[in-house]
Every structure is written in structure tokens, then in C-alpha cells.
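Worksheet for the structure shown next.
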Amino acid sequence: TDTEQFHPKLREQWREKIRSQHGIGDNDFVFLHLGDLRKGAAQAIEALKALPDVKLLLVARGNDETYRGLAAEWGVAGRAIFAGATD
């Protein structure tokens, strides 16, 4: 791996870009789900019910229709952000 690509000094550069891209405010608290939606995404989305001031950014490949439906059913659709896959 390229240790410069993932270096902590790049945090601010990427933080601003990603937050802006997904409509996440500077002061919003965000959890990240990275990987396969079938592995824990439903539980993470459901947890938003108990965490009213938190958003969840889901970065994953695959069909997110089921998980969007769960977010809507549980009343947290506005705080579950589906970003799709990324390089």
C-alpha cells in the first residue's frame, strides 16, 4: 500500500470534500459503514433510531434498495447516506 495515500495529514483535504459531496455539515457527527451492506448495515441503520443527532455514511458496492427501505421504515432515511462504492 501507498502510505502517503492514506496518511493522516490528508484528513482535512478529504474531510471537506466528502462532507460537501454528501451534504454533511462541518459539525455533524458521522459514523462510517465501509464494506458489504449485507454485513452489519441493517444494524447500523437501525442504531440511528437511538442516536438522533448522528448520521451514517455507507460506502459499499451492491444494491442498496433494501437498506434504503429499512432506513425509510425506521424513520432515519434523512440520516442514512448511501455513497455507493469508491476507489
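The values are calculated or read from the model by the stated rules, or taken from the named source; none is laboratory data. Only a predicted model underlies this, so the values are computations on that prediction, with no experimental measurement involved. With ideal geometry, Cβ positions are generated from the backbone for all residues, glycine too; neighbour counts draw on all protein chains shown. Ligands, DNA and RNA are stripped out before the accessible areas are found, and what is left, the full protein with its side chains, is counted by its heavy atoms. Shrake-Rupley method; radii C 1.70, N 1.55, O 1.52, S 1.80 Å.
Measuring with a 1.4 angstrom probe and ignoring ligands and nucleic acids, L70 comes out at about 40 Å² accessible. What is the percent carbon and sulfur in the accessible area of the chain, measuring with a 1.4 Å probe over the protein chains and ignoring ligands? Ligands and nucleic acids excluded, carbon and sulfur give 51 percent. What the phi angles of region 48-53 give under the Karplus curve with 6.51, -1.76 and 1.60, with θ = phi - 60°, is a coupling list of 4, 4, 8, 10, x, 9 Hz, glycine and proline written as x. With contacts taken as Cα pairs under 8 Å and at least 6 residues apart, the chain reaches a relative contact order of 27 percent. Scattering from the chain was approximated by placing one identical point on each alpha carbon and applying the Debye formula without solvent; log10 I(q)/I(0) at 0.12, 0.14, 0.25 1/Å stands at -0.38, -0.51, -1.29. Taking Cα atoms only, the orientation of helix 11-21 departs from the longest principal axis of the chain by about 40 degrees.
Accessible surface area normalised per residue over the chain is 72 Å², counting heavy atoms of protein chains with a 1.4 Å rolling probe. Remark: the K39-I24 segment gains 3.0 nm on full extension, using 0.36 nm per residue and subtracting the alpha carbon distance. Computed on protein heavy atoms with a 1.4 Å probe, the accessible areas place F82, F31, F6 in the order F6, F31, F82, largest first. A probe of 1.4 angstrom, applied to the heavy atoms of all protein chains, finds W74 with accessible area near 60 square angstrom. The calculated FRET efficiency for the pair T86 and A50, based on their C-beta separation and a Förster distance of 22 Å, comes to about 0.20. Solvent exposure of K49, expressed as accessible area, is near 110 Å², computed with a probe of 1.4 Å over the protein chains only.
Using the Cβ-Cβ distance between R15 and E73 with R0 set to 22 Å, the FRET efficiency works out to roughly 0.10.
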